[in-house]
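Presented below is the structure to which this report refers.
Nothing in this text is a laboratory measurement; each read-out follows from the coordinates by a stated rule. Remember, predicted model here, so these are calculated numbers, not experimental data. Every residue, glycine as well, gets a Cβ built from its backbone with ideal geometry; the counts of neighbours run over all protein chains shown.
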């Protein structure tokens with residue numbers, strides 16, 4: 001295991017491209033498709049986006065070292081009447097950013113360099129490296145940090161008691177002992193591909209997503225091997241493996257009432273019901289929420305456990321209401337290309353996309369209002385994380401949002417739940433700006449093969 005010295009990383013961002021999408025069926029943009037229109041919630045007009053050119057020369061944002069990488073126009077677009085602004089960027093030229101996890105004042109970033117970097121107060125605080133497998137997912141459970149990798153393994157880390165900037169690996173899922181024990185019993189082998197068998201407790205393809213149960217006692221892992229597995233955090237034991245879909249499982253999220261949601265490249269969102277059986281647990285198929293041609297790429301459940309959100313390769317975000325027995329609640333239309341990540345923060349829903357934009361929505365009763373489209377990345381937005389802004393004051397609730405991209409940077413935003421909705425004129429300007437970025441930058445981006453795999457142009 002290798003540790004890295006702390007350092008301050010502020011640098012100009014350079015456009016770069018590489019493989020990094022979850023497995024998709026289609027991400028083509030159609031000018032006649034509703035997803036190609038400016039952000040909206042069903043037939044409702046969303047409101048306002050801030051693009052007023054003001055304070056170009058006097059703005060403190062333009063003088064901030066965090067904004068040194070921004071052009072004057074970008075700084076002007078960021079500082080508007082809305083409190084939703086770009087605060088800065090963390091850049092380290094070592095790989096595309098695939099995963100993020102925020103906890104207090106610490107930010108963990110995973111990339112295809114196999115390194116996990118730890119940032120504190122916008123400075124590099126620490127780092128650690130796995131032996132193999134790029135970092136596809138990171139999740140924090142108390143003192144343990146779980147990382148999911150391209151090689152199908154889940155690695156477990158813990159901060160050293162001797163030094164807070166040293167992380168030690170304390171395990172790998174499955175454990176070597178459990179793997180050897182399972183491999184000795186022929187009944188523990190399942191067919192994973194034609195003429196190939198493998199022990200059921202180990203993923204044989206890339207880990208795509210990690211999620212924690214409501215009580216934080218179980219870890220769920222989704223994989224491109226079409227399964228999701230259930231792990232007991234206390235002893236790292238694999239309790240169950242569910243053959244969930246007909247194609248890669250791109251997302252898993254533990255929700256409410258013992259329900260688990262999975263989304264797949266086969267175009268479906270499925271619901272699984274957890275039941276306790278003695279000391280173990282068993283998951284049963286409950287229902288299919290969505291069945292479509294486009295791949296499901298991301299899932300999220302809001303903090304209140306009342307809404308399930310689903311992002312797809314067609315750029316749409318569908319959602320379902322718990323109070324209405326998981327009936328379909330509507331569609332959020334804000335992206336021109338595939339939605340690659342989703343998170344919720346308070347009453348906010350944020351979606352990152354291959355179109356390099358981040359849509360910010362506020363839930364108001366049964367409706368959703370688009371507050372802004374955050375632009376600034378030069379590559380697809382692959383992952384998002386959020387923490388409460390400790391500098392929030394009064395009744396205002398603000399969030400610090402981190403976005404990781406295939407442009408090898410992490411951007412830091414301040415987003416407010418009280419931000420005004422987007423204005424129609426600014427909305428069109430913002431969408432046009434995003435379209436210009438997409439047409440200018442995506443000409444060098446990876447293209448999708450008919451099978452949904454990423455291939456360079």
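Averaged over residues, the count of other Cβ atoms within 10 Å places the peptides 324-335, 342-353 in the sequence 342-353, 324-335, highest first. For 193, 362, the sequence from fewest to most other C-beta atoms within 10 Å is 193, 362.
What the pair-distance distribution of segment 129-216 shows, using all Cα-Cα distances binned every 10 Å from zero, is 16, 40, 33, 10, 2 percent.
In the calculated pair-distance distribution of segment 260-340, the portion above 19 angstrom amounts to 38 percent of the Cα-Cα pairs. For segment 159-209, the gyration tensor built on C-alpha atoms gives an oblate shape. Its axis ratio a/c (a ≥ b ≥ c) is at least 1.5, and a/b is not larger than b/c. Shape class for segment 307-406: oblate, because the ratio a/c of the largest to smallest gyration tensor axis (alpha-carbon atoms, square roots of eigenvalues) is 1.5 or more and b/c is at least a/b. Per-residue Cβ neighbour counts within 10 Å put 369, 166 in the sequence 166, 369, beginning with the fewest. Put simply, the C-alpha atoms of segment 90-249 give a gyration tensor, and the ellipsoid matching it has half-axes of 29, 17, 14 Å, longest first.
Working from the Cα coordinates of segment 361-409, the gyration tensor eigenvalues give, after taking √(5λ), semi-axes of 24, 16, 9 Å in decreasing order. In this simple spin-label approximation, residue 179 and residue 217 carry label points 7 Å from Cα along the Cα→Cβ vector, and these lie 2.8 nm apart. Ordering 138, 97 by the number of other Cβ atoms within 10 Å of each residue's own Cβ, fewest first, gives 138, 97. Overall size of segment 198-334 from C-alpha positions, given as principal axis extents largest first: 42, 31, 21 Å.
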